[in-house]
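Chemist: Before we start, here is the structure in question, set down as structure tokens.
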Amino acid sequence: MIKLNLKKPLCFLDLETTGINIGRDKIIEICLVKISPDGSEEILEQRINPEIPIPLNVSEIHGIFDADVKDQPTFKEVAPKLLQFIGDADFSGFNALRFDIPLLAEEFLRAEVDFDLRDKKVVDVQNIFHKMEPRTLKAAYKFYCNKNLENAHSALADTQATIEILRAQVERYENTEIENSDNVLYKPVKNNVDALASFSQQQACADLAGHIGYNEIGEEIFNFGKHKGRTVEEVFRIEPPYYEWMMRSDFPLYTKKIITGIKLRNFRK
């Protein structure tokens, strides 16, 4: 299978969690597989005590129950080890942009670790898959690798499947042309993390949850609510209580980090 062309390490991740609410739910198992430019791999697999109950219907999906994690370390306890393992690596995962990366960032911020992704590329294997062959992870594994996914919802099995899928995607699509929004043919899938990250992005957002986007000139704008489409700087200038409301509300910590940065930047002007 094709070797990924890497300039720096690429860290694949998969999470098992207490649910799908980024602002409230917690990680109970994380698997990180870091591939270096020379092709060598390192694996970090860790179960985590979420310090909240795991809903039974969720446990029945991934097979991890409260008793399985009650004696495991908390995220705050393992955060330094995770951060050291990740290092300067870029990220990849299946649905990573919409779920795994935002929740991981949220957990780091809850643990008072200033986790920042602005210098990291993220290759979302699911987005490449959905743009080229819309299906699920299990179907993607069968389609690209001609294998049945055993132990689905095991973090390690899902992560290893994702690695194989990305390699197969690069091999399959590297010379495939598709039309862009201007009806111009181009080859978006290249054996290059910058190109893969760019192609696998959805709408560009300043935060991870998609609450803060960008307008056509690169200014941060609100993607929700009564101020949708207006710049964050303008709203905070003419309606200062809106910032306070967001900070008190159930927005992800990473979103609050971003809007605080915008507010402070505007204050310094």
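The values are calculated or read from the model by the stated rules, or taken from the named source; none is laboratory data. Values in this document were obtained by computation on a predicted structure and should not be read as measured data. Note that we place each Cβ from the backbone using ideal geometry, even for glycine, and neighbour counts take in every protein chain shown.
Chemist: Name the single residue that is surrounded by the most Cβ atoms within 10 Å (Cβ to Cβ) among those in region 77-89 being out of contact with any Cys (no Cβ under 7 Å at 6 or more places or on another chain) and closer than 27 Å to Gln201 by Cβ. First the steps, then the outcome.
Modeler: We begin by selecting, within region 77-89, every residue out of contact with any Cys (no Cβ under 7 Å at 6 or more places or on another chain); these are 77-85, 87-88.
Restricting the remaining residues to those that are closer than 27 Å to Gln201 by Cβ gives 79, 82-83, 85, 87-88.
Details: Ala79: 19, Leu82: 22, Leu83: 13, Phe85: 17, Gly87: 10, Asp88: 9.
Taking the candidates together, the pick is Leu82.
Chemist: Just one of (1) touching a residue at least 60 places away in the same chain (Cβ under 8 Å); (2) surrounded by fewer than 21 Cβ atoms within 10 Å (Cβ to Cβ); (3) not polar (S, T, N, Q) trips up Ile35, so point out which.
Modeler: All conditions are met except number (2).
Chemist: Condition (residue is free of Cβ contacts under 8 Å to residues at least 40 places away in the same chain and touching a helix residue (DSSP H, G or I) at 6+ places or on another chain (Cβ under 6 Å)) applied to region 201-216: is it met by at least one residue?
Modeler: no
Chemist: I'm trying to understand the selection: among the residues of region 63-76, which are among the aliphatic types (A, V, I, L, M), surrounded by 13 or more Cβ atoms within 10 Å (Cβ to Cβ) and in a helix (DSSP H, G or I)? Break it down into steps so the answer makes sense when it comes.
Modeler: Taking region 63-76 and keeping what is among the aliphatic types (A, V, I, L, M), we get 64, 67, 69.
Retained after the next criterion (residues that are surrounded by 13 or more Cβ atoms within 10 Å (Cβ to Cβ)): 64, 69.
Answer for region 63-76, where residues must be among the aliphatic types (A, V, I, L, M), surrounded by 13 or more Cβ atoms within 10 Å (Cβ to Cβ) and in a helix (DSSP H, G or I): just Val69.
Chemist: Of all the strands (runs of 3 or more DSSP E) wholly in region 1-62, which have at least 1 residues that are assigned by TED's automatic domain parsing to the domain that holds Phe94 and more than 18 Å from the chain's Cα centre (by Cα)? Full working, then the answer.
Modeler: Values: elements: 10-17, 27-35, 41-47.
Output list reads 41-47.
Chemist: Out of the residues in region 77-105 meeting the condition of being hydrophobic (A, V, I, L, M, F, W, C) and in a loop (DSSP other than H, G, I, E, B), tell me which one is farthest from Glu41 (Cα to Cα). Please lay out each step first, then the result.
Modeler: Within region 77-105, the first condition is being hydrophobic (A, V, I, L, M, F, W, C), and the residues that meet it are 78-79, 82-83, 85-86, 89, 91, 94, 96-97, 99, 101, 103-105.
When the remaining residues are screened for being in a loop (DSSP other than H, G, I, E, B), the result is 89, 94.
Numbers: Ala89: 12, Phe94: 18 Å.
Top of the filtered list is Phe94.
Chemist: Please identify the pairs in which a residue from region 57-84 that is more than 21 Å from Lys34 (Cα to Cα) and in contact (Cβ under 8 Å) with a residue 12 or more places away in the chain has its Cβ atom under 9 Å from the Cβ atom of a residue that is assigned to a helix (DSSP H, G or I) and β-branched (Val, Ile, Thr), counting only partners at least 6 apart or on another chain.
Modeler: Ile64/Val58; Gln72/Val78
Chemist: Any residue at all in region 8-23 that's of a type in the set (S, T, N, Q), surrounded by 17 or more Cβ atoms within 10 Å (Cβ to Cβ) and touching a Ser or Thr at 6+ places or on another chain (Cβ under 6 Å)? Talk me through it step by step, then tell me what you get.
Modeler: Pass one, region 8-23, residues of a type in the set (S, T, N, Q): 17-18, 21.
Right, trim to surrounded by 17 or more Cβ atoms within 10 Å (Cβ to Cβ) and you get 17-18.
Checking the rest, the ones that are also touching a Ser or Thr at 6+ places or on another chain (Cβ under 6 Å) come to none.
No: zero hits.
Listed here are the residues, each with its yes/no results for (1) among the hydroxyl-bearing types (Ser, Thr, Tyr); (2) surrounded by fewer than 21 Cβ atoms within 10 Å (Cβ to Cβ); (3) under 22 Å from Thr17 (Cα atoms); (4) outside the structural domain of Ile61 (by TED's automatic domain parsing).
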{"site": "Gln126", "(1), (2), (3), (4)": "no, no, yes, no"}
{"site": "Phe129", "(1), (2), (3), (4)": "no, no, no, no"}
{"site": "Arg135", "(1), (2), (3), (4)": "no, yes, no, no"}
{"site": "Lys138", "(1), (2), (3), (4)": "no, yes, yes, no"}
{"site": "Phe143", "(1), (2), (3), (4)": "no, yes, no, no"}
{"site": "Asn148", "(1), (2), (3), (4)": "no, yes, no, no"}
{"site": "His153", "(1), (2), (3), (4)": "no, yes, yes, no"}
{"site": "Gln160", "(1), (2), (3), (4)": "no, yes, yes, no"}
{"site": "Leu166", "(1), (2), (3), (4)": "no, no, no, no"}
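Chemist: Here's another thing I want to ask about it. Take residues that are crowded, with 18+ Cβ neighbours inside 10 Å and assigned by TED's automatic domain parsing to the domain that holds Asn127 and tell me which of the helices (runs of 4 or more DSSP H) falling wholly in region 192-269 contain 2 or more. Walk me through how you get there before you give the answer.
Modeler: Details: elements: 193-200, 232-238, 241-248, 253-268.
Filter on region 192-269 gives 193-200.
Chemist: Quick check on my filter: what residues within region 121-146 are in contact (Cβ under 8 Å) with a residue 12 or more places away in the chain, among the basic types (Lys, Arg) and more than 22 Å from Ile35 (Cα to Cα)?
Modeler: Step one: of region 121-146, the residues in contact (Cβ under 8 Å) with a residue 12 or more places away in the chain are 121-129, 131-132, 137-138, 140-141, 144-145.
Those left that are additionally among the basic types (Lys, Arg): 121, 131, 138.
Residues satisfying the conditions are Lys131, Lys138.
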